[in-house]
Amino acid sequence: MFSNVIIGNITYMEKAVHEGREFLAVTMAVNDMYQGVCRIKFNNSNGLLTAYTNGTLVVGHQLIISQYDVRINSIRTHYMKDGDLVALKCPEVALTRVRATIGAAPKPKVMDAPKAEPTLEEVPF
């Protein structure tokens, strides 16, 4: 258990079903104080699932995990590939009992203003 706050941005989400129960599988990118990046993974079957279903929770959204009762389920730093141990680019921490608060929405992409092009049409006076 820990009682700190984790703030990160959603990098991946998918709706899944296990044993007849629907949930949202969430992956967040989190920067540590040394500018290293890790991935936080957890499942949610209430508020975040509803927000995802309604279209109000999107990739890039900020999440704040601050629940005292969060538990670390696993930590993964390497995987096996063709019999060799390979380091992950970003270590992964899987959490359980997560209650996340939706934070800031991702900034919308800035669209370039259309360029004015001359036309050959007559302009009435």
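Here, each number is a calculation from the coordinates, and none is a lab measurement. All figures in this text were calculated on a predicted structure; none of them were measured in a lab. Please note: Cβ atoms are built from the backbone with ideal geometry, for glycine as well, and neighbour counts cover all protein chains shown.
Would you please name the GluC sites (Glu not before Pro) within the range 1-79 that are DSSP coil residues with at most 10 other C-beta atoms within 10 Å of their C-beta? Please list the in-between numbers first.
Numbers: sites: GLU14, GLU19, GLU22; in loops: GLU19.
Sites meeting the loop and neighbour criteria: GLU19.
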Task: Gain on full stretching of the segment that runs from ILE75 to TYR34 - 0.36 nm per residue minus C-alpha separation - done: 12.9 nm
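Restricting to the chain, compute how many DSSP beta bridges are antiparallel as a %, nearest 5.
On the way: 33 of 36 bridges.
Counting DSSP beta bridges with both partners in the chain, the antiparallel share is about 90 percent.
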Task: Inter-label distance, nm, simple model (7 Å from Cα along the C-beta direction), GLU117/TYR68 - done: 6.4 nm
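Return the FRET efficiency for the residue pair ALA16, VAL58: r is the Cβ-Cβ distance, R0 is 22 Å, and the value is rounded to the nearest 0.05.
Numbers: r = 18 Å, r/R0 = 0.80.
Plugging the Cβ-Cβ distance into 1/(1 + (r/R0)^6) gives 0.80.
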Open item on the list: Can you match log10 I(q)/I(0) by the Debye sum over Cα atoms at q = 0.13, 0.21 Å⁻¹ to one of these, [x] -0.58, -1.15; [y] -0.62, -1.27; [z] -0.69, -1.17, based on a calculation from the structure here?
Closed with: [y]
TODO: Find me the longest stretch of the chain that has none of the exposed trypsin sites (Lys or Arg not before Pro), where exposed means in a DSSP loop (not H, G, I, E or B) with at most 12 other Cβ atoms within 10 Å.
DONE: 1-96
Open item on the list: Output wanted: per-residue J couplings in Hz (rounded whole) for the range 59-64, from phi through Karplus 6.51 cos²θ - 1.76 cosθ + 1.60, θ = phi - 60°, x for Gly and Pro.
Closed with: 4, x, 4, 7, 10, 10
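Calculated FRET efficiency, CYS90 and VAL5, Cβ-Cβ r, R0 22 Å, to nearest 0.05?
Values: r = 20 Å, r/R0 = 0.90.
Using R0 = 22 Å, I get an efficiency of 0.65.
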- [ ] Provide the net charge surrounding LEU88, with neighbours chosen by a C-beta distance below 9 Å and charges set as Lys +1, Arg +1, Asp -1, Glu -1.
- [x] +2
